[in-house]
Structures are given as C-alpha cells and as structure tokens.
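The values are calculated or read from the model by the stated rules, or taken from the named source; none is laboratory data. The shown structure was predicted, so the numbers you read here are calculated from the model rather than taken from an experiment. Quick reminder, even Gly has a Cβ in these numbers, built from the backbone with ideal geometry, and neighbours come from all protein chains shown.
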Amino acid sequence: MGTDLVIGGMTCAACVNRVEKRLARIEGVRATVNLATGRARVSHPPEVTAQDLVAAVERAGYTAELPAPPRPVEDGTPPGGGGSPGREESQRLLITALLSVPVLILSMVPALQFRNWQWLCFVLAAPVAVWGAWSFHSRALRGLRHAAATMDTLVSLGVVASFSWSAYALFLGGAGDPGMRMPFSLLPSAGGDVAHIYLEAAVGVPLFVLTGRFLESRARRGTGEALRSLAGLAAKDVTLWEDGHERLLPIGQLRAGQEFIVRPGERVATDGVVATGGSALDLSLVTGESEPVEVGPGEAVVGGAVNEGGLLVVRATAVGSDTQLARITRMVTEAQAGKARAQRLADTVAGVFVPVVLALAATVLGFWLGAGADPQAAVTACVAVLVVACPCALGLATPTALLAATGRGAQLGLLVSGPRALETLRRVDTVVLDKTGTLTTGRMTVARVTPVPDGIGRERALWLAAAVEQGSEHPLGRAVVAYSRQEVRHRPPGEVSGFRSTAGIGVTGVVEGHRVEVRAAGADLHPALDRALAEAEAVAHTPVLVRVDGADQALISLGDVLRPGSYRAVDRLRRLGVEPVLATGDRRATAARVAAALGITEVHAQCSPEDKARLVKELRGQGRRVAVIGDGVNDAGALAGADLGIAMGSGTDVAIGAADVTLVRGDIEAVADAVRLARRTLGTIRANLVWAFGYNVVTVPLAAVGLLNPMVAAVAMSASSLMVVGNSLRLRTWQPAPYSRRADTSGRTGGTGR
C-alpha cells in the first residue's frame with residue numbers, strides 16, 4: 001500500500017533524514033520525504049494504518065496529516081504542497097525587520113551612536129531574540145525532547161549565545177556605560193577594557209534566516225508553477241446539452257456519456273469524443289503540441305484544450321481522476337516525490353551533520369579559551385560556526401531541481417516518472433524503436449483488398465475480418481473496421497464470440513459459426529495471393545491475411561505515413577550519441593524501407609513481443625544502456641525490460657503503465673528533448689550539491705578560526721539556500737535546442753505486424 005503524508009516542521013535535510021528513519025523503524029515501511037514539497041510518500045503493509053504513520057512522525061518531533069482534498073486553484077496552493085509563507089510568518093518577519101533595522105544601523109555606524117544607544121538596542125533586540133526567533137527556539141526544544149538536532153538547533157543556540165553574551169557585557173562587562181562607543185568590523189574583533197556586545201548578531205541572525213526562508217519559499221513556489229498551471233486548466237463548470245436544451249452545472253457532477261457544449265474560446269471540460277461540430281483545438285498547455293489540431297465528429301478531444309473556432313458538442317468519455325489532464329498532473333506530482341542517488345547521499349550526510357557541527361562549535365569554544373584568547377572572541381567564533389553551518393541547501397539541491405524540471409517537461413509534453421528515470425535517460429546510448437504509432441502516425445488505412453478466386457468474396461471477407469477486429473486495440477484492426485463500415489454500409493460488423501488476441505500474431509474469433517483469423521501474412525499463402533503480397537511489399541505496405549475455417553480468403557494491404565518529425569528525431573538522437581535500432585513485428589521488406597528512409601542501419605523485423613524483449617536483453621548484455629519506445633501491448637514487455645521505457649502518449653494504457661517516460665504529444669522528436677532535459681537537470685542537481693557541500697567546506701573553517709562575523713555568517717547561510725533554489729529555477733525557462741527544418745523523407749509506408 002502507499003500513503004501520502006503532509007509533514008510539518010521540517011526545515012533542513014537533517015529533518016528529512018530523521019523523519020525517514022523514524023518511519024523506517026516500522027516493519028515493512030519505506031518512506032521518501034521531500035523537503036521542497038513538505039510531503040512524504042510511504043509504502044507500507046496493509047496492517048499498518050495511516051494513524052500509525054502519523055504517530056511515528058509525531059514521535060520524531062514533527063507534525064503529520066493526510067493530504068486535504070484538492071482545493072480550488074485560486075487559493076494559490078499548488079498540488080503537492082510548496083505553498084507560499086503563511087500570514088503569521090510574514091507578519092513575524094515584518095515586525096522582526098522593524099525592530100532589527102535600528103539595532104543594525106546603530107551597531108554598524110559608530111557616528112550614529114548617541115548616549116545610551118546600547119540600551120535602546122537591547123530593548124529592541126530582546127523581543128527579536130525571544131519572539132522573533134521563537135520558531136527556531138520551539139523547534140530546537142522539540143528536537144531536544146526527541147534527542148534530535150537540526151538547523152533550528154544551530155540558529156537557536158547562535159541567537160541565545162549572542163544575546164546572552166550581550167546581556168552579560170551590558171550588565172556586568174562595562175558595556176552599559178552611557179558613553180560607550182563600539183566600532184564595527186566585518187571581521188570579529190576582541191580586546192580592550194570593555195566587552196563588546198553582539199546585539200547586531202542577535203537580531204541579524206533571525207532576521208536574515210527568516211528573510212532567507214521567506215524568499216526561498218517564494219522561489220520554491222516558482223518551481224511548481226508549471227504544475228499549478230496544469231491544475232488551472234481544469235474547468236469548474238460545464239454547459240450540459242440534454243434534449244436540445246442547455247444546462248450549466250459544476251464539473252464534478254458531469255458523468256461519462258453525457259454531452260456538453262464547447263463554444264469558441266472555451267476550454268474542453270473533460271476528455272471526450274466530438275458528437276457534432278468541428279473546430280481547431282489548442283493543445284499547447286496540455287500536451288505541448290504547438291500547432292492547433294483539427295477535430296470533427298467521432299474524433300477524441302482532451303480536457304483542458306482551448307476551442308479556437310467552431311461550436312462543438314462533446315460526449316464525455318472520462319471524468320475526474322480518469323482524464324488525461326488528471327493523469328498528467330498525478331504523474332508529475334509523483335515524479336517530484338522521488339530522490340536522485342546523489343540526494344540520498346546528501347540526506348545521509350545531513351543526518352550526522354548537525355551533531356558534528358555542535359561538537360565542532362564546542363571544540364572551537366574550548367580551543368579558543370584554552371589558548372588564552374579573549375572570551376568574547378571565543379564566543380564569537382563559536383556562534384559563527386553554529387550559524388554558518390546549515391544543511392538546508394543540501395536538502396533543497398535535488399527536490400527544487402526536480403520540481404522545476406518535471407514541471408517544465410510537462411509543459412513540453414514530456415512526463416518523467418521520477419529521478420531514476422532522469423538518471424537513466426541521461427546515460428542512454430541505444431534506443432529501440434517500434435514502427436507503427438512511433439515512427440509512423442499509427443493512422444492506418446486500407447489500400448487494397450484482394451480476395452481468393454472462387455472464395456467467399458471480397459465484401460464477405462472484409463465484413464468477417466471487421467467483425468473480429470472490433471475487439472482489437474491495434475491501429476491495424478481499427479483501420480480494417482473503419483474501412484469495412486465505409487465499404488459495407490448496408491451491414492454493420494457482426495457479433496463475435498471466443499475472441500482472442502495474440503500480440504505480434506493477430507486475432508481470432510467465431511462469427512456466425514465460422515472460425516475467422518486475421519493475422520500477419522506468412523510465406524505459405526494461397527497461390528492466388530502471392531502477387532498481391534509482392535505488390536504490397538514493393539510499396540512497403542503491411543499485408544494481412546484473412547482466413548475463414550482454416551482457408552485463405554483474402555489479403556488486406558494497409559499503409560501508414562511516417563510522422564513528420566521522425567527523420568529529425570533519428571538525426572538528433574545520433575547527434576546526442578544515441579544509436580537508434582528499429583524492432584518491428586512487420587515484414588522485412590516493409591521494415592527495411594522505413595529504416596532506409598530514416599537512415600537506421602540496425603533493423604529487426606517480424607519480431608514477436610518475446611523477440612523484442614529478448615533483443616533488449618541481448619543489447620543490455622552487450623553493455624549498452626537501452627531505452628525502448630513503443631505504443632502497443634506488444635511493446636509492454638520490452639518497455640518493462642529495458643533500462644528505460646518510453647511510451648507514446650497516443651499509445652495503450654498498458655504501454656504507458658510499463659514506461660518510465662511518456663511523450664504526451666505523441667511526437668517522437670520529444671525523445672531528443674527528453675534526453676537533453678535529463679542531462680540539464682542532472683547537471684543542475686550536481687551543481688547544487690557541489691555548491692551546498694562547498695559552501696560548508698569553505699565557511700565553517702573561516703568561522704572556526706575567527707574570520708567570520710556571526711551576522712555575516714547568517715547572510716551567507718541564507719544566501720546558500722537561495723543560490724541552490726535560484727539555480728534550479730533556471731530549468732523553468734529551459735528550451736529545446738533549435739534545429740534546421742530540413743525536408744523530411746516522409747511518405748506512405750507500411751504498418752506494423754502484431
């Protein structure tokens with residue numbers, strides 16, 4: 001079973017590590033916690049309830065609850081969390097800033113220091129150190145009760161130490177003298193007869209950390225903008241068409257089978273089929289398809305598409321969570337919950353990072369005091385170490401990049417299942433391509449029907465074939481049914497019993513007491529069909545044999561058209577160092593013609609589903625990293641057995657379910673875009689982690705040797721998280737590489753065998 005939880009109180013990667021460990025203590029439970037979205041995805045046995053999981057998180061010192069039902073998009077909260085700061089946090093930051101700014105100015109500009117200025121600063125700093133920093137203190141105390149230390153522990157100790165030392169200096173160290181003046185330096189200073197006060201650090205640390213978190217939250221919200229825009233495509237009301245009358249009702253009350261009206265400029269309320277009317281639909285925000293798509297009666301439409309022209313009456317085929325838009329949103333949300341391998345290492349490091357920093361701070365304090373240094377210099381160095389060492393950037397390195405990349409991918413019609421898919425996609429060097437529906441449009445048409453002389457006749461053979469093919473999901477079967485309805489208008493396809501579909505072979509069934517087979521044509525044909533077979537192969541059509549009661553009756557020749565971008569897609573993959581391999585169930589002549597048109601050198605024809613899966617295994621055995629692209633049931637085994645499965649969005653649910661990446665807009669050129677996006681995303685994650693680790697490697701030693709003012713340390717710590725989030729935000733504007741639109745070698749070609 002799987003359960004999602006909304007986790008409250010997490011502030012850094014150490015928190016993530018602690019929650020995951022606490023949940024993992026329950027037998028059979030595995031959890032992945034995402035700092036950027038504030039959510040946990042938990043796999044657990046049926047006997048473990050959601051209440052057990054919530055209790056485990058609470059025992060770790062955090063809050064947990066089940067996700068609330070989706071709220072209207074207007075409330076500003078994106079699916080998957082990651083909302084902007086609450087009103088209370090914003091008010092706390094504003095009041096903290098109003099109290100802190102005078103303290104910072106007076107402490108940093110000696111010329112403005114008037115008589116008893118330090119006492120005014122103390123009065124202003126006290127509420128900041130207590131109330132302004134209360135969120136840090138409360139979480140630090142909660143962690144202490146659970147024997148845990150997080151970033152809040154470091155910030156809380158830094159504020160308490162700075163304020164406590166300043167109070168000591170004012171009341172007992174001589175700093176309270178009415179005429180006291182204090183110079184300011186970016187580097188810590190000590191010495192003299194009067195103890196220095198560090199009220200600027202006591203207010204600067206909470207002010208800059210709160211400001212950093214506020215900006216970070218705003219920036220993190222930006223990484224989920226694409227997901228919110230997807231949610232925004234969902235209609236709220238729909239105009240129902242019943243018995244010639246219109247009726248407005250909430251979208252939640254619409255049911256499959258009902259018809260609704262889509263006027264020009266309106267969004268299609270849900271997935272459906274056009275009942276009447278014709279228009280052009282803008283699918284750019286749903287599938288990434290840049291050009292409007294013409295639709296007419298009988299053609300499918302996608303919820304969220306914008307009607308650019310005529311009036312449509314659409315019959316709903318899917319509603320609610322079953323729509324393509326809902327599936328896209330769900331896949332993107334699930335992808336954002338995962339972690340890259342590098343992030344798991346970072347979370348592991350963060351789990352021990354805070355205790356190490358606490359030990360280091362105590363060691364620094366003891367060393368300075370033991371070396372005979374001034375106590376205030378020792379305290380300053382200790383506080384700087386506590387403040388500057390923050391594992392927050394480590395926790396944000398991967399999730400913010402994933403949020404931005406998966407959202408951008410969804411805008412471009414690329415759905416990636418998670419970090420593992422991105423990591424694999426980046427390293428792929430071989431792509432196994434299916435033909436029909438992948439390299440070709442999959443919109444098969446019947447070119448010719450050749451009956452056997454003295455047989456049951458052309459019309460009868462076609463009618464029987466269509467009757468059996470009604471139960472097939474394959475483009476070839478749909479084409480036969482459509483052609484039969486056009487040619488044999490006086491008689492709709494008959495009823496079939498005992499239907500059976502064999503992937504890669506064909507379909508069989510009983511119609512009016514006759515055993516009918518529609519299958520890929522072999523070598524042992526009726527002699528009268530040999531010439532028709534040769535003609536079909538000569539023009540790269542797919543020949544399909546119709547057998548009735550064991551006897552050959554007709555040969556149906558079907559053709560298909562290469563997708564407009566197939567040539568460019570193959571060329572771009574090669575330029576990325578990815579070798580294309582064609583594997584199809586079609587005959588060798590048809591496969592060779594398509595491969596020659598696209599410049600593919602390695603071709604495997606007449607492949608059964610088992611052959612395709614075996615080919616993938618052989619390629620992987622040669623040390624290749626293999627991706628498989630397909631759209632049918634016969635591709636599902638190969639998709640699942642590959643290093644990476646890529647499904648065409650126009651394909652079957654079985655193929656999409658077995659794939660790691662789905663090309664929603666059905667454009668094979670998107671494969672090259674997916675590879676480049678994966679490489680860019682992983683590069684961004686690596687840069688984030690290098691910065692997060694490198695920041696601590698540089699700043700902690702500086703703080704330990706007394707070369708970092710606590711206030712400057714607070715600024716640096718906040719800046720580190722902002723740098724990571726800002727770098728991830730760059731993925732939101734990523735664009736596919738431009739390419740020269742050379743003429744495609746496209747044309748009519750054959751369909752695939754089953």
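Of the strands (runs of 3 or more DSSP E) that lie entirely inside the range 400-470, those containing 2 or more residues that are modelled with pLDDT of 90 or more span 430-433, 445-451.
With respect to being touching a residue at least 24 places away in the same chain (Cβ under 8 Å), of a type outside the set (S, T, Y), assigned by TED's automatic domain parsing to the domain that holds Y62 and over 17 Å from L396 (Cβ atoms), A31 falls outside the description. Of the residues making up the range 261-295, those that are in a loop (DSSP other than H, G, I, E, B) and modelled with pLDDT under 85 are G265, L283, G288, E289, S290, E291, P292. Output the number of the condition that E473 fails; it satisfies all remaining conditions of (1) closer than 30 Å to E618 by Cβ; (2) crowded, with 16+ Cβ neighbours inside 10 Å. E473 satisfies all of (1) closer than 30 Å to E618 by Cβ; (2) crowded, with 16+ Cβ neighbours inside 10 Å except (2).
Reported count of residues in the range 576-589, each being assigned to a helix (DSSP H, G or I) and touching a residue at least 24 places away in the same chain (Cβ under 8 Å), is 1. Kindly indicate whether A536 is outside any strand (DSSP E or B), crowded, with 22+ Cβ neighbours inside 10 Å, of a type in the set (A, V, I, L, M) and at pLDDT below 85. Yes; evaluated as a whole, the condition is true for this residue. Filter the range 167-183 for residues that are surrounded by 16 or more Cβ atoms within 10 Å (Cβ to Cβ) and not small (G, A, S); which is modelled with the lowest pLDDT? Looking at residues that are surrounded by 16 or more Cβ atoms within 10 Å (Cβ to Cβ) and not small (G, A, S), I get M182. Based on what the data block shows, is H514 over 18 Å from D434 (Cβ atoms), touching a helix residue (DSSP H, G or I) at 6+ places or on another chain (Cβ under 9 Å), surrounded by fewer than 18 Cβ atoms within 10 Å (Cβ to Cβ) and without any contact (Cβ under 8 Å) to a residue 60 or more places away in the chain? For H514, the condition - over 18 Å from D434 (Cβ atoms), touching a helix residue (DSSP H, G or I) at 6+ places or on another chain (Cβ under 9 Å), surrounded by fewer than 18 Cβ atoms within 10 Å (Cβ to Cβ) and without any contact (Cβ under 8 Å) to a residue 60 or more places away in the chain - is met. Scanning the range 137-161 for residues that are free of Cβ contacts under 8 Å to residues at least 24 places away in the same chain and in contact with a Ser or Thr (Cβ under 7 Å, 6 or more places away or on another chain) turns up H137, A140. Given the condition charged (D, E, K, R), surrounded by fewer than 24 Cβ atoms within 10 Å (Cβ to Cβ) and not assigned by TED's automatic domain parsing to the domain that holds L663, answer yes or no: does some residue in the range 573-581 qualify? The answer is no; no qualifying residue exists.
Name the residues in the range 668-685 that are more than 13 Å from L412 (Cα to Cα) and surrounded by fewer than 21 Cβ atoms within 10 Å (Cβ to Cβ), would you? Answer for the range 668-685, where residues must be more than 13 Å from L412 (Cα to Cα) and surrounded by fewer than 21 Cβ atoms within 10 Å (Cβ to Cβ): R679, R680, G683. Residue count for the range 93-150 satisfying the condition of being surrounded by fewer than 23 Cβ atoms within 10 Å (Cβ to Cβ), of a type in the set (K, R) and closer than 30 Å to A359 by Cα: 2.
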